[in-house]
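Written below as structure tokens is the structure these notes are about.
The values are calculated or read from the model by the stated rules, or taken from the named source; none is laboratory data. If you're wondering where the values come from, they're calculated on a predicted model, not measured in any experiment. Quick reminder, even Gly has a Cβ in these numbers, built from the backbone with ideal geometry, and neighbours come from all protein chains shown. Heads up: the accessible areas ignore ligands, DNA and RNA and are worked out on the full protein's heavy atoms, side chains in. Shrake-Rupley method; radii C 1.70, N 1.55, O 1.52, S 1.80 Å.
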Amino acid sequence: MLGADDGLVSTAALLVGVAASGASRNAILTAGVAALSAGAMAMAIGEYVSVSAQADTETADRRREETELAADPQSELLELTAIYERRGLPPELASEVATILQEKDPLAAHLRDELGQTEAGAARPLQAAVASAASFAAGAIIPLLTAALTPAGPRTAVIAAVTLVALCVLGVVGAGLGGAPRTRGALRVGVGGALALAVTYGIGALFGSAA
């Protein structure tokens, strides 16, 4: 959802700014395609790098836990017991649970309960990169198609209107998925998007007049 918002706002703002400068339809569409491509690639690369760093950290933590378990399993058992006690289990029960889990799969128990690592939540850099690029492109394609299909006269206004409506819809959906107030979510992205469009429109108009 956040990637789609980024693609929608950044591409629409660029298109509105270029259109306000008096550029031709081909120039506007070229700028839009470039914005979609560059933005999607930037999102993918940025996400890949950051999630790869997370994966490296998880690997280092795993190796450290393996070393500690091999060197001093009793201390690791006491550490696991203390974790369960802090979560509210009575000392006897905490010790029993820790003993059972450490006997069954000590590394998994420590990764999960000491470090918060699970297989389901493991860092997947390539998957994150593809998802980020796809979500950005999905948002960016909306104003780009609008610019391609709208006549020159109302093009800027139509791009802005379609973008704001799409942003509000995404805000409502995102707020609904997160259990937050839908109206607040729609207003937040709608007002932010309107501000971005206004700024780039003004810059484009000034640039066009100066040129």
- prompt: Scanning region 122-138 for residues that are under 15 Å from the mean Cα position of the chain (by Cα) and more than 18 Å from Ala4 (Cα to Cα), which turns out surrounded by the fewest Cβ atoms within 10 Å (Cβ to Cβ)?
  reply: Leu126
task: Please state which of the following conditions Ala70 fails to meet, knowing it meets all the rest: (1) under 30 Å from Leu126 (Cβ atoms); (2) without any contact (Cβ under 8 Å) to a residue 12 or more places away in the chain.
output: (1)
field: From Leu80, Leu93, Leu101, Leu89, residue being without any contact (Cβ under 8 Å) to a residue 12 or more places away in the chain, farther than 30 Å from Thr11 by Cβ, buried (at least 16 other Cβ atoms within 10 Å of the Cβ) and touching a helix residue (DSSP H, G or I) at 6+ places or on another chain (Cβ under 8 Å)
entry: Leu89
field: Filter result (within 12 Å of Arg62 (Cβ to Cβ), open to solvent by 30 Å² or more (accessible area, probe 1.4 Å) and out of contact with any Ser or Thr (no Cβ under 7 Å at 6 or more places or on another chain)) within region 108-117
entry: Ala108, Glu114, Leu115, Gln117
Unmet requirement for Ser21, which otherwise passes all of (1) surrounded by fewer than 16 Cβ atoms within 10 Å (Cβ to Cβ); (2) polar (S, T, N, Q); (3) touching a residue at least 24 places away in the same chain (Cβ under 8 Å): (1)
query: Does Val51 qualify as being open to solvent by 30 Å² or more (accessible area, probe 1.4 Å), in contact with a helix residue (DSSP H, G or I) (Cβ under 9 Å, 6 or more places away or on another chain) and part of a helix (DSSP H, G or I)?
result: no
